[in-house]
Amino acid sequence: MHKCLFLVSITLCSYALHSQETNSQQDSSVVKNDTIRKIDYLKHLGNGYFPTRFLNVDLRYLIKFNQYEGLRSGLGGVTNDEFSKKYRINSYVVYGFKDHRFKYRIGGGFRVNEATKTWINLSYTDDLQETGSSSFLTDKRFFQFFEPRLLNIDLFHKHITKAINIEHQLSNHLTTETELAISKIDPTYNYNFVIDDDSFSKFDVTTAKLSLQWSPFSKFETVKNKTKESKDGFPKFTLQFTQSFKNVIKGDFNFSKIDFRTRHKITYNDAVFSEIVLSSGLATGSTPLTHLYHAYPNNITKETVLQRFSVAGVNSFETMYFNEFFSDRFATLQLKHFIKPFKISERYRPQLVLISRFALGNMNDMERHENITFGTLEKGYSEAGFEINKLLFGFGLSFAYRYGGYHLPQLEDNIAAKFTFNVSL
């Protein structure tokens, strides 16, 4: 009898211990899954998306402001893997309260090859674009809660663009994108582009683009048949070719562009590092101002330093005035050194960043661009300054000084003082 009771007791204890272990494993699995979901959720937010079951809402389109549209607000998004792993819809609609006009994009794509991440995308866009801005097709999505430069931009052109785009990954280290686009361009400002005896205030552009992004020092690992970047290596290199065709699907101009950028990061320890960005561009042929280059200026044309007080950009020239310079060939070099944060308390740690920027450029046939006045950068543009970030709720202060070949006679015209805003998820 005692032996039976002992055996039953041992059996019950073993069952209880096994149950606790099983429950513990289940609880651990639940906690792990919750942690993974939270990490994915924060990653989506950091990339500018609010994830829902089938659609990731694009936060970029919720609210913005610029000098032409005033308040710009709308809604956009892209379907996720729960909707389909082979097809996606990527669209938005916004409204400008100052120009009283809707802008929108209707787009989608389908996957051709999973291993090479090959997608074919189609889109129809009716929107605005900043004149002189340049971007790379292969750029990873960059999201800010608000984009400081947009607040003061006033030089836009309307465009209606039909495009077909092919994304293809040649290897883990080399990504490519190719695009064929047809655009109707209508500047919102008084502008004529003159070629021989022809003058264009509106025009059509047919372009083909090839963009390459090479990350030779990044490291990758494969988990559950999915390859992910395990180490973000530097430097990174991006190269893009653009060719515009005259008399091809109503294209008005022949011109070519080559754009190059390299990013490098030198890490001394977890808190101290330096960032270097070198960018350059060359446009040849009959290139209208809309497709030329500025150097990402971020200074308002007003009399006093306090009147020009606004928000500093991430990689913009803070003392360079909007629409002051345009180029058909240019190069910029930007250096930032992040000093170890000041440990005032465990949570309050402002950080000092030392900054130096340089730009060089020029333009042929300036007389082609009528009804607009601007300068070139052949003397070399220089500015230096510093930021003190994360002083209060992500806000900080920025100071920059303009010197060298484009130093202005009045001292205060060379000074820029602004807010900074840095929030990381």
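Just so it is clear, none of the values below were taken in a lab; they were calculated from the coordinates. All figures in this text were calculated on a predicted structure; none of them were measured in a lab. All Cβ positions, even for glycine, are placed from backbone atoms using ideal geometry, and neighbour counts span all protein chains on display.
Compute, for the range 74-114, the length of the dipole vector about the Cα centre, with Cβ point charges of +1 (Lys, Arg) and -1 (Asp, Glu) only. Units Debye, rounded to 20. All intermediate terms of the calculation are to be shown ahead of the outcome.
Details: 8 positive and 4 negative charges, 37 e Å.
My answer is approximately 180 debye.
Springs between alpha-carbon atoms under 10 Å, Gaussian network over the chain: tell me which of 391, 128, 360 tops the mean-square fluctuations.
Top of the fluctuation ranking is 391.
Could you tell me which of 76, 160, 316 has its Cα farthest along the dipole of the chain towards the positive end, charges placed at Cβ (Lys, Arg +1; Asp, Glu -1), taken about the Cα centre?
Positive-most Cα among the choices belongs to 76.
Whole-Hz ³J(HN,Hα) for each residue in the range 169-183, computed from phi via Karplus 6.51 cos²θ - 1.76 cosθ + 1.60 with θ = phi - 60°, x for glycine and proline: what do you get?
9, 5, 7, 4, 9, 10, 10, 10, 9, 10, 9, 10, 9, 10, 10
For the residue pair residue 210 and residue 225, what label-to-label distance in nm results when each label sits 7 Å from Cα along the Cα-to-beta-carbon direction?
3.3
Strictly over 18 Å apart at the Cα level, which of 158/202; 85/226; 209/257; 98/158; 117/162; 343/390 would you flag in this model?
117/162
Pop a pseudo-label 7 angstrom from the Cα along the beta-carbon direction at both residue 53 and residue 194 and give the gap in nm to one decimal.
It works out to 6.2 nm between the two label points.
Quick check on the chain: helices-only [θ] at 222 nm, where DSSP H runs of length 4 and up contribute -39,500 (n - 2.57) each and the sum goes over total residues. Nearest 500, please. It would help to have the intermediate numbers written out before the result.
On the way: 1 runs with 45 residues, N = 425.
After summing the helix terms and dividing by the residues of the chain, the value is -4000 deg cm²/dmol.
Between the range 303-329 and the range 144-206, what's the alpha-carbon centroid distance in Å?
If you average the Cα positions of each part, the centres end up 22 Å apart.
Let me make sure I get this right: for the range 273-376, a, b and c are the square roots of the gyration tensor eigenvalues over alpha carbons, sorted descending. Under 1.5 in a/c it's rounded, otherwise prolate if a/b > b/c, else oblate. Which is it? All intermediate terms of the calculation are to be shown ahead of the outcome.
Details: a/c = 3.96, a/b = 1.91, b/c = 2.07.
Note, shape of the range 273-376 comes out oblate.
Where the only charges are on Cβ atoms (+1 Lys, Arg; -1 Asp, Glu), what is the dipole of the chain about its Cα centre, to the nearest 20 debye? Mind dumping the intermediate values first?
Values: 52 positive and 44 negative charges, 333 e Å.
Its charge dipole is roughly 1600 debye.
At a Förster radius of 41 Å, what calculated FRET efficiency corresponds to the Cβ-Cβ distance of residue 63 and residue 245, to the nearest 0.05? It would help to have the intermediate numbers written out before the result.
Numbers: r = 38 Å, r/R0 = 0.93.
That gives a FRET efficiency of 0.60.
For the range 344-425, which chymotrypsin sites (Phe, Trp or Tyr not before Pro) are in a loop by DSSP, counting at most 15 other Cβ atoms within 10 Å? Walk me through the numbers before you get to the answer.
Working: sites: 348, 358, 374, 381, 386, 393, 395, 399, 401, 403, 406, 419, 421; in loops: 348, 374, 393, 406.
When the chymotrypsin sites (Phe, Trp or Tyr not before Pro) of the range 344-425 are filtered for loop state and at most 15 Cβ neighbours within 10 Å, 348, 393 remain.
Of the residues 148, 288, 341, which exhibits the maximal mean-square fluctuation in a Gaussian network model of the chain defined by a 10 Å Cα contact cut-off?
341
Give the long-range amide H neighbours of residue 156: residues separated by 5 or more places, or on another chain, with amide H under 5 Å away, using H modelled in the peptide plane at 1.01 Å from N.
Residues meeting the criterion, in which the H sits 1.01 Å from N, are 131, 188.
Relative to the longest principal axis of the C-alpha atoms of the chain, give the angle of the C-alpha long axis of helix 2-46, reported between 0 and 90° and rounded to the nearest 10°.
Tilt relative to the chain: about 0 degrees.
Show me the three semi-axes of the equivalent ellipsoid for the range 115-421, from the C-alpha gyration tensor (sqrt of 5 times each eigenvalue), largest first, rounded to whole Å.
Working: eigenvalues 217, 169, 53 Å².
Gyration-tensor ellipsoid for the range 115-421: 33, 29, 16 Å.
Choose one of 151, 62, 51: the residue whose Cα lies farthest towards the positive end of the charge dipole of the range 43-182 (beta-carbon charges +1 Lys, Arg; -1 Asp, Glu; about the Cα centre).
51
Counting other Cβ atoms within 10 Å, keep those with at most 11, restrict to DSSP loop, and tell me which trypsin sites (Lys or Arg not before Pro) in the range 150-220 are left. Don't skip to the end; give the middle numbers.
Numbers: sites: 158, 162, 184, 202, 209, 219; in loops: 202.
When the trypsin sites (Lys or Arg not before Pro) of the range 150-220 are filtered for loop state and at most 11 Cβ neighbours within 10 Å, nothing remains.
Would you work out which of 342, 388, 285 lies farthest towards the positive end of the dipole of the range 115-421? Charges go on Cβ: Lys and Arg +1, Asp and Glu -1.
Result: 342.
If one computes the Cα centroid of the range 230-246 and of the range 390-425, what distance in Å separates the two points?
29
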